[in-house]
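The values are calculated or read from the model by the stated rules, or taken from the named source; none is laboratory data. The shown structure was predicted, so the numbers you read here are calculated from the model rather than taken from an experiment. For neighbour counting, all protein chains shown are included, and Cβ atoms are generated from backbone atoms with ideal geometry for every residue, glycine included.
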Amino acid sequence: MTRREEKMHYPIVIERGSDTEAYGVIVPDLPGCFSAGDAFEEAVSNAAEAIALWVEDAIDQGKEVPRPSSLDALRARPDWAGPEWIWGFASVDPALFDDTTERVNITLPRRILARLDSRAKDAGETRSGFIAKMALSA
């Protein structure tokens, strides 16, 4: 097993919420990536999930995924100037960006393995390809 990298931290811009409005979250480095939450902590957590989904979709479409900018660089941009913004970070696992193939060892009952192989064959896939396809479609 390889050593896991530390989390990546994307700067996020948070719009203040209230008793009647959710906190809005924008990820400046990822166009169109946004989220919200009724509580501040929920908004930040939802932003991390939105980032993961954005990255997965971009990779599936063959697009480049920007790395996180520095907070200072983003705050210096005129479109993010002003006291109405709260700045923070959402953490994501760098494995989201890694397409390196890795061999894994799994243990399955023979009857399940036979069913898996049959379904993979019917789909015109290898066992590994079929498992990957199932995981990505879940």
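Scanning the stretch 80-135 for residues that are within 30 Å of Ser69 (Cα to Cα) and free of Cβ contacts under 8 Å to residues at least 12 places away in the same chain yields a count of 6. Restricting attention to the stretch 100-125, the residues that are surrounded by 13 or more Cβ atoms within 10 Å (Cβ to Cβ) and either in contact with a helix residue (DSSP H, G or I) (Cβ under 6 Å, 6 or more places away or on another chain) or not aliphatic (A, V, I, L, M) (or both) add up to 4.
Checking the stretch 90-99 against the condition returns no match, with no residue being surrounded by 10 or more Cβ atoms within 10 Å (Cβ to Cβ), over 30 Å from Phe34 (Cβ atoms), under 23 Å from the mean Cα position of the chain (by Cα) and among the small types (Gly, Ala, Ser).
Kindly indicate the residue of the stretch 1-30 that is surrounded by fewer than 11 Cβ atoms within 10 Å (Cβ to Cβ) and not hydroxyl-bearing (Ser, Thr, Tyr) and also modelled with the highest pLDDT among those meeting that condition. Restricting to residues being surrounded by fewer than 11 Cβ atoms within 10 Å (Cβ to Cβ) and not hydroxyl-bearing (Ser, Thr, Tyr), the top hit is Asp19.
Inside the stretch 79-138, can you point out the residues that are under 21 Å from Gly62 (Cβ atoms) and in contact with a Phe, Trp or Tyr (Cβ under 8 Å, 6 or more places away or on another chain)? Matches in the stretch 79-138: Val92 only.
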